[in-house]
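Novice: I am attaching a structure below and will ask some questions about it afterwards.
The values are calculated or read from the model by the stated rules, or taken from the named source; none is laboratory data. Computed from a predicted model, the values in this text were never measured in an experiment. Heads up, the Cβs are rebuilt from the backbone with ideal geometry, glycines too, and the neighbour counts pull from every protein chain shown. Ligands, DNA and RNA are excluded from the accessible area calculation, which covers all protein heavy atoms including side chains. Shrake-Rupley method; radii C 1.70, N 1.55, O 1.52, S 1.80 Å.
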Amino acid sequence: MLIKQMSVFVENTTGRLGKLTGILADAGVDIIACTIAETTDFGILRCIVPDPQTATDLLKKNGFTASLSNVIAVSIEDKVGGFNHVLQYLSEAQVGVKYVYSTVKNAGGKAVIVMKPDDPEKAVGVLTTKGVQLVSIEDFMA
């Protein structure tokens, strides 16, 4: 199951990230999971929100560059090596992973990891076949 992730370019200026999160907060948008990667001049905020299309449109209306992409989230045992088997399954199927980030949410005491595979649809098939628990946006909201 695929999840829509919102990616937003954020200039590296004082207060810009706060402006972005303020716009979302004022609209009642909950940031369920996020990560930010930075360069000298800008960062890319990647996040999971309940209604990504609406949040993306809102940010664009307020001068931000934002887009949507497909990611997957998995629920894994929160122990040493818990994520390794997921990556091994994908590697064996020749599916690369561009980036990962974890969330503060959990699913029944298990860790939740968000990842961007090269081929999200293939990754879903591989992981489902191997019995890996995928997390939906509804699971995040529960």
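Novice: How large is the accessible surface per residue of region 3-85, computed with a 1.4 Å probe and reported in Å² as a whole number?
Specialist: For region 3-85, the per-residue accessible area is 52 Å².
Novice: Name the most mobile residue of 95, 114, 124, meaning the one with the largest mean-square fluctuation, in a Gaussian network model of the chain with Cα contacts below 10 Å.
Specialist: Comparing 95, 114, 124 in the GNM, the peak value goes to 95.
Novice: With n ≥ 4 as the cut-off for DSSP H runs, can you work out [θ] at 222 nm for the chain, using -39500 (n - 2.57) per run divided by the number of residues, rounded to the nearest 500?
Specialist: -9000 deg cm²/dmol
Novice: Treating region 5-87 as a set of equal point scatterers at the Cα positions, no solvent, please give the Debye-formula log₁₀ I(q)/I(0) at q = 0.19, 0.25 Å⁻¹.
Specialist: Taken in order of the listed q values, log10 I(q)/I(0) reads -0.83, -1.21.
Novice: A further question on this structure: For the chain, which whole percent of the accessible surface, found with a 1.4 angstrom probe, sits on carbon and sulfur atoms?
Specialist: 51 percent
Novice: Ranked from the most accessible area to the least, with a 1.4 Å probe and all protein chains present, what is the order of 32, 137?
Specialist: 137, 32
Novice: Quick one: Kirkwood hydrodynamic radius for the chain, alpha-carbon pairs, angstrom, one decimal?
Specialist: 15.9 Å is the Kirkwood radius here.
Novice: While we're looking at this one, here's another question. With charges set only on the Cβ (+1 for Lys and Arg, -1 for Asp and Glu), what does the dipole of region 46-142 come to about its Cα centre, in debye to the nearest 20?
Specialist: Charge dipole, region 46-142, about its Cα centre: 240 debye, nearest 20.
Novice: Here's something else I'd like to know. Do any of 4/79; 79/116; 19/116 go past 24 Å between their Cα atoms, and which?
Specialist: Over 24 Å apart, Cα to Cα: 4/79; 19/116.
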